[in-house]
Amino acid sequence: MRKGFFEMVALVLMAGSLAFFYKCVTYLERRDYVAAILLAFVGFAIIRVGSEMARLALVQKE
């Protein structure tokens, strides 16, 4: 049960990070570089957490 939960959370986090990167690109189109850099940092942090959750799902025994 926990393995499935970790896999689902990892997928949601990875997909959620794409939303931050999309917003980052839209801010870059508007030439708002500070906001784009901040959103990129948040996107990378979310990807990092998602990869850790995926790693936990891999080591989880059923």
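What follows is calculated from the coordinates using simple rules that are stated; it is not laboratory data. Every value quoted in this text rests on a predicted model; they were computed, and no experiment measured them. Every residue, glycine among them, receives a Cβ derived from its backbone with ideal geometry; neighbour counts consider all protein chains shown.
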Worksheet item: Considering every Cα-Cα pair within the chain, what fraction, in whole percent, is farther apart than 20 Å?
Response: 36 percent
Discussion item. Using the basic label-point model (7 angstrom from Cα toward the beta carbon), what is the Arg30 to Arg55 distance in nanometres?
Written reply: 3.5 nm
Worksheet entry | Helix 2-29 axis, angle to the chain major axis (alpha carbon atoms, nearest 10°) | 10 degrees
Worksheet item: Net charge near Ala10, counting Lys/Arg +1 and Asp/Glu -1 over other residues with Cβ under 10 Å of its Cβ?
Response: -1
Worksheet entry | Rounded tilt (10° steps) of 33-59 against the dominant C-alpha axis of the chain | 10 degrees
